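Derivation of every value follows stated rules applied to the coordinates shown; laboratory data play no part. Worth saying up front: this structure is predicted, and the values here are computed from it rather than measured. Positions of Cβ are backbone-derived with ideal geometry, glycine not excepted, and every protein chain shown enters the neighbour counts.
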Amino acid sequence: MDRQEQIEFILDHYEHPRHRGPMEAPDIVMKGGNPGCGDIVTLYVKLDGDERISGLTFEGEGCTISQAAASMLTEMAVGKTLSEVEWMDAAAFVDAMGREVVTNRLRCATLALNTLKAAEKKYRAGQRARSAAEAEVENF
Ligand code: FES
């Protein structure tokens, strides 16, 4: 895609966001934000039995690039396992958006991806806490 096509691609995601809105009974809800500007993205993640993302929606308020990136992410991350999310490459995501277009807005471009990575960590922390609680009950 040339620069103009990348801009149109980003604008299309901003103006016609994919999978925007809350989700009923998500397995993970994660809110992320850029402290510098106050823009936010909230992700709702549904997992199947293999910790594979079977659904991903978002809500958010913010600049064109951050919200378009969230929309793109909802298309790219479905079907990935949480382990794969952990290793998703920010550079590759920026390339998919159009590095030339977003190069001065990397924090905006990666807000949603970083929020998804934080969602993975939150889920793992919840699992560890649950295992510890179960062990405590068993040893009671
Ligand atoms: Fe805030 Fe882009 S200006 S995320």
Quiz item: Which order, highest average first, do 19-31, 59-71 follow once you tally other Cβ atoms within 10 Å for each residue and take the mean per peptide?
Solution: 59-71, 19-31
Quiz item: In degrees from 0 to 90, rounded to the nearest 10, what is the angle of the helix 3-15 Cα long axis to the longest principal axis of the chain?
Solution: 50 degrees
Self-check item: For G60, residues with placed amide H under 5 Å, excluding near neighbours
Solution: T42
Practice problem: Using amide H atoms built 1.01 Å from N in the peptide plane, name the residues 5+ places from G55, or on other chains, whose amide H lies under 5 Å from its own. | Solution: K46
Self-check item: Crossing angle, helix 106-138 versus the chain [Cα axis fit, 0-90 degrees, rounded to tens]
Solution: 0 degrees
Self-check item: log10 of Debye I(q)/I(0), alpha-carbon scatterers only, for the chain at 0.15, 0.21 Å⁻¹
Solution: -0.71, -1.26
Practice problem: Return one number: the angle in degrees, 0 to 90 and rounded to the nearest 10, between the long axis of the Cα atoms of helix 64-76 and the longest principal axis of the Cα atoms of the chain. | Solution: 60 degrees
Quiz item: Suppose R0 equals 41 Å; then what is the FRET efficiency for D89 and A135 from their Cβ-Cβ distance, rounded to the nearest 0.05?
Solution: 0.70
Quiz item: Tell me, what is the percent relative contact order of the chain, built from C-alpha pairs under 8 Å that lie six or more residues apart?
Solution: 26 percent
Self-check item: Computed [θ] at 222 nm, helices only, for the chain once each DSSP H run of length n ≥ 4 contributes -39500 (n - 2.57)
Solution: -17000 deg cm²/dmol
